[in-house]
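*Asks:* Dumping the structure here so I can ask a few things about it.
The values are calculated or read from the model by the stated rules, or taken from the named source; none is laboratory data. All values reported here derive from a predicted model rather than from experimental measurement. Ideal geometry is used to build each Cβ from the backbone, glycine not excepted, and the neighbour counts take in all protein chains shown.
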Amino acid sequence: MVHEESAGGVVFIDDKVVILQRRSNSNWILPKGHVEEGETDKEAAVREVYEETHLNATPVCKVGETRYQFTINSCKKIDKRVQYYLMVSKTKKVKTEVYFSFYLVVSPKKALKLLTFPQDKDVLRNAWKKWEEYKKTDQSSNE
């Protein structure tokens, strides 16, 4: 079995979240990808979010981790860990990579209904809670 490390983001644009639909299997997911050699989880999350959405997003805090296993070509088994960050996008125009058929910028409530995997939903719930806390502290620092 091969172990893979990945990182990604629950990206907020105003009060909405970015989710992606994978072209190969129609799954709705959060942006994420491989951690490259010499890269931290946080650096990988920023890079992967940019590569998959073209959004310039800033990480705020960790919001969860998922682990799962899958098989490629019925022989290569992968054990994957994904570290997620709450991220705030400085830009609003999404442009996806070719691996995705659609993207949505929707309320967290709607995203919870659309995301394919229960672990992603758990990460989003935690990120949503942290987002609400972040907005309160961010607004108080601007006053």
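*Asks:* For residues that are of a type in the set (Ser, Thr, Tyr) and surrounded by 19 or more Cβ atoms within 10 Å (Cβ to Cβ), scanning just the stretch 43-90, find the one that is farthest from residue 16 (Cα to Cα).
*Replies:* 66
*Asks:* Let me ask you something else. So which residues in the stretch 106-118 are surrounded by 17 or more Cβ atoms within 10 Å (Cβ to Cβ) and more than 13 Å from residue 28 (Cβ to Cβ)?
*Replies:* 108
*Asks:* Looking only at residues in the stretch 1-42 that are surrounded by fewer than 16 Cβ atoms within 10 Å (Cβ to Cβ) and among the aliphatic types (A, V, I, L, M), which one is nearest to residue 124 (Cα to Cα)?
*Replies:* So the residue we want is 2.
*Asks:* Scan the stretch 94-123 residue by residue and report those that are in contact with a strand residue (DSSP E or B) (Cβ under 6 Å, 6 or more places away or on another chain) and assigned to a helix (DSSP H, G or I).
*Replies:* 108, 111, 114, 119, 123
Residue-wise test of (1) modelled with pLDDT of 95 or more; (2) among the aromatic types (Phe, Trp, Tyr); (3) closer than 14 Å to residue 9 by Cβ.
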residue: 30; (1), (2), (3): yes, no, yes
residue: 56; (1), (2), (3): yes, no, yes
residue: 66; (1), (2), (3): yes, no, yes
residue: 128; (1), (2), (3): yes, yes, yes
residue: 138; (1), (2), (3): no, no, no
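*Asks:* Being within 21 Å of residue 132 (Cβ to Cβ), part of a strand (DSSP E or B) and touching a helix residue (DSSP H, G or I) at 6+ places or on another chain (Cβ under 9 Å) is the filter here; which residues of the stretch 1-40 pass it?
*Replies:* 8, 9, 10, 11, 12, 16, 17, 18, 19 - these are the residues of the stretch 1-40 that are within 21 Å of residue 132 (Cβ to Cβ), part of a strand (DSSP E or B) and touching a helix residue (DSSP H, G or I) at 6+ places or on another chain (Cβ under 9 Å).
*Asks:* Cβ-Cβ under 7 Å, sequence separation 6+ or interchain: first residue in the stretch 98-115 and β-branched (Val, Ile, Thr), partner modelled with pLDDT of 95 or more. Which pairs?
*Replies:* 105/13; 105/16; 105/18; 105/94; 106/16; 106/17; 106/19
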